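The values are calculated or read from the model by the stated rules, or taken from the named source; none is laboratory data. If you're wondering where the values come from, they're calculated on a predicted model, not measured in any experiment. Neighbour counts run over all protein chains shown; Cβ positions are idealised from the backbone, glycine included.
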Amino acid sequence: MMRILSGLFVVAMVCSLALSGCGGVTSPSPQPKPPSPSTPAPPASPTPTPLPPSPSNGSITATIDGSRWSAAGFLAVQYQPNIVDFVIVGSDSTDTNTARIITLALPVYRTGTFVACLDSLSCAFLSMQISGRPWVVGLPGSSGTVVVSKMTAHNAVGTFSFVAVDQNGANKKYVTNGAFNVTY
């Protein structure tokens with residue numbers, strides 16, 4: 001149990017750092033020297049192509065308390081043998097102050113149905129963070145399931161749903177219609 005929680009803590013920290021690193025701080029590009037009176041002005045540079053609206057390594061979508069959600073800001077997929085075998089983390093924003101982040105961690109690298117809990121090596125770990133506030137599955141009043149329908153060397157497809165509770169167990173968030181199709 002402690003090994004699983006330690007591994008999940010490492011995963012959460014890596015994901016938080018990755019999200020923090022995506023905060024949009026960029027260094028200015030070097031400015032060209034102004035042309036001298038005898039030199040013609042260089043042609044204008046083309047407009048940069050905007051980033052795609054969703055990550056290139058797949059998709060993860062769900063409905064959170066009746067509101068559509070997708071991992072448009074950040075999506076990470078990682079295979080970690082001996083800790084937690086397969087982890088998907090998605091965020092709808094790169095701003096950790098407002099982001100809604102969903103984490104799915106599976107104990108094995110295979111297809112099947114995984115029930116969420118915190119006290120067994122055979123359970124899925126499901127959690128969510130909304131504007132910095134954690135919501136987890138495995139505490140009293142929560143429940144969840146992940147169904148992996150396809151798992152290949154480079155692609156995983158499945159569905160999920162869960163009811164997550166806050167740290168006091170008093171408030172709930174409902175995640176329904178969850179689906180993922182990720183490449184790694």
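Do we have any residue at all in segment 173-184 that's at pLDDT below 90 and aromatic (Phe, Trp, Tyr)?
yes
I'd like the residue in segment 63-80 that is of a type outside the set (S, T, N, Q) and over 12 Å from the mean Cα position of the chain (by Cα) and, out of all such residues, is modelled with the lowest pLDDT.
Step by step, filter segment 63-80, then rank; the result is Tyr79.
In the set Gly158, Gly90, which member is of a type in the set (Gly, Ala, Ser), assigned to a strand (DSSP E or B), in contact with a Leu (Cβ under 8 Å, 6 or more places away or on another chain) and crowded, with 20+ Cβ neighbours inside 10 Å?
Residue meeting the stated conditions: Gly90.
For segment 106-142, what are the residues that are under 19 Å from the mean Cα position of the chain (by Cα), on the phi < 0 side of the Ramachandran plot, surrounded by fewer than 20 Cβ atoms within 10 Å (Cβ to Cβ) and not β-branched (Val, Ile, Thr)?
Once the filter is applied, which keeps residues that are under 19 Å from the mean Cα position of the chain (by Cα), on the phi < 0 side of the Ramachandran plot, surrounded by fewer than 20 Cβ atoms within 10 Å (Cβ to Cβ) and not β-branched (Val, Ile, Thr), segment 106-142 yields Pro107, Tyr109, Arg133, Pro134.
State all residues of segment 91-109 that are at pLDDT 90 or above and either touching a Ser or Thr at 6+ places or on another chain (Cβ under 7 Å) or basic (Lys, Arg) (or both); if no residue qualifies, say none.
Passing the criteria: Asp92, Ala99, Arg100, Ile101, Thr103.
Restrict the check to segment 134-151 and report whether at least one residue is touching a Lys or Arg at 6+ places or on another chain (Cβ under 9 Å), in a strand (DSSP E or B), without any contact (Cβ under 8 Å) to a residue 40 or more places away in the chain and under 19 Å from Gly66 (Cβ atoms).
Start the filter on segment 134-151 by keeping residues that are touching a Lys or Arg at 6+ places or on another chain (Cβ under 9 Å), which leaves 135, 141-142, 148, 151.
Then keep just the ones that are in a strand (DSSP E or B); that gives 135, 148, 151.
This time we only want the ones that are without any contact (Cβ under 8 Å) to a residue 40 or more places away in the chain, so: 135.
Among the residues that remain, those that are also under 19 Å from Gly66 (Cβ atoms) are: 135.
Scanning segment 134-151, I find at least one residue that is touching a Lys or Arg at 6+ places or on another chain (Cβ under 9 Å), in a strand (DSSP E or B), without any contact (Cβ under 8 Å) to a residue 40 or more places away in the chain and under 19 Å from Gly66 (Cβ atoms), so the answer is yes.
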